[in-house]
Ligand SMILES: Nc1ncnc2c1ncn2[C@@H]1O[C@H](COP(=O)(O)OP(=O)(O)OP(=O)(O)O)[C@@H](O)[C@H]1O
Ligand SMILES: [Mg+2]
């Protein structure tokens with residue numbers, strides 16, 4: 001008899017499912033959370049795990065990772081509350097056999113389970129060593145980079161990591177937006193290193209500093225003698241990135257002609273060096289970053305809409321540091337460690353006043369500003385604790401703006417019920433963000449809409465929905 005483990009914290013669902021599967025000839029065990037599930041897995045030799053994506057103590061991705069590494073012969077099917085093709089791609093790339101969405105239909109479940117049990121063994125047996133080795137070396141590279149990349153504890157940070165993991169295994173183009181210094185390039189690199197292209201080139205190109213004349217040859221390269229001054233053959237960035245990832249920074253600055261040439265290259269997946277007739281096939285994943293609002297630029301006729309849609313297969317917004325309170329001291333500690341290494345110091349902590357100050361400061365230059373502030377403070381500190389004296393005046397003198405708290409909205413009723421509903425979680429997060437931004441800009445709706453990257457009308461509707469006038 002095939003053994004199935006159901007991990008779901010909704011007791012009713014688990015019970016119904018287990019009865020149904022038992023009636024269909026399976027030996028079923030149920031666990032009400034992830035850790036109980038892992039305990040059962042230690043003792044039982046399960047053929048298959050049906051795991052709910054949202055668990056009270058962990059999530060389906062973590063469970064999948066655990067089960068795959070410890071029990072590679074056990075198949076995993078993830079159950080989720082909503083259908084999301086990108087997540088499906090990710091889970092399957094991570095090794096899930098399949099993915100089913102709620103509501104659960106008995107026939108569909110049975111079908112999926114039977115197929116999984118039939119084919120999973122064949123797949124496991126056929127898995128060859130090199131593939132496993134490749135995975136290990138990717139994990140190691142990723143970990144090394146993760147040494148530099150602080151994931152952070154705030155909700156936006158965890159969400160950011162989720163999105164990176166979601167999109168990395170695909171070939172989607174990605175647009176990364178966020179204020180200056182929020183880590184757009186770091187996120188792009190993280191995506192590259194977490195993707196199957198990790199051992200191919202990652203080429204970063206700063207489009208902001210390209211002159212009109214040189215842009216084309218930087219992108220596409222040129223043949224020797226193709227124009228005055230072309231003394232050597234030059235390989236363009238597309239060609240350099242072939243097989244890997246091309247990261248285009250400040251893409252909003254490109255001229256319209258270059259945008260047209262880019263669109264052609266991306267669409268045809270071929271590049272021709274200037275002065276050459278030979279076409280070179282390309283396999284390049286593109287990630288772009290911008291701290292200007294490209295939709296605005298499109299409206300003003302400065303950015304091509306068709307190019308935007310080409311790039312926008314997936315988009316990631318990195319919130320400013322001031323909205324990632326939970327990350328501030330994690331990052332500060334990380335940069336302190338680096339500064340100690342660089343400067344040969346042994347500064348071990350921040351004084352309580354400094355911590356308070358860091359938590360309240362606006363960090364307009366975001367993570368980059370924090371890195372510089374901590375480095376400077378480490379250099380100026382003689383003892384082992386960073387005190388207010390070591391901070392630049394604009395930080396130590398910074399006063400938090402006074403907000404108008406009269407606008408506390410009514411309790412969001414829907415968000416209180418059904419805590420495990422992703423839609424509600426998203427609503428709750430949205431509501432918190434809107435309120436936070438509104439307070440920051442003193443309820444100036446034009447500014448708030450701009451920061452939130454939505455139009456005023458949408459903002460009005462959302463404010464109405466959450467009872468803020
Ligand atoms: N999550 C992170 N953990 C640790 N360091 C980070 C993280 N994100 C960014 N940094 C560091 O912060 C600095 C700024 O990051 P990055 O250059 O990626 O930002 P950016 O958004 O591309 O900035 P800009 O808009 O100015 O180009 C870099 O030194 C980078 O190493
Ligand atoms: Mg950058």
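We did not get these values from a lab; they are worked out from the coordinates using the rules stated. Quick caveat, the model's predicted, so the values are computed rather than measured. Using ideal geometry, Cβ is built from the backbone for each residue, glycine included, and neighbour counts are taken over all protein chains shown.
Roughly what percent of Cα-Cα pairs across segment 244-311 reach past 16 Å? Of all Cα-Cα pairs in segment 244-311, 49 percent lie more than 16 Å apart.
Shown here is the pair-distance distribution of segment 3-127: with all Cα-Cα distances grouped in 5 Å bins from zero up to the longest one, the shares run 2, 11, 24, 27, 22, 11, 2, 0 percent. When the Cα atoms of segment 272-411 are aligned to their principal axes, the ranges along those axes come out at 65, 51, 27 Å in descending order.
Ranking 187, 151, 13 by Cβ neighbours within 10 Å, fewest first, what do you get?
By the 10 Å Cβ count, ascending: 151, 13, 187.
Normalised by 2.2 N^0.38 Å, where N counts its residues, the alpha-carbon radius of gyration of the chain equals 1.13.
Stretch residue 260-residue 432 to full length: gain in nm at 0.36 nm per residue minus the Cα-Cα span? If you can, show how the numbers build up before the last one.
Working: separation 172, 0.36 × 172 = 61.92 nm, distance 4.00 nm.
Residue separation times 0.36 nm, minus the Cα-Cα distance, leaves 57.9 nm.
Based on every Cα atom in segment 188-262, Rg and the maximum pairwise Cα distance Dmax equal 13.5, 42 Å. Residue-normalised convex hull volume from the C-alpha trace of segment 142-317: 119 Å³ per residue.
Taking the DSSP bridge list for the chain and keeping only pairs wholly inside it, about 15 percent are antiparallel. The Kirkwood radius of segment 321-396, taken over pairs of alpha-carbon atoms, gives through the Stokes-Einstein law at 25 °C and 0.890 mPa s a diffusion coefficient of 203 µm² s⁻¹.
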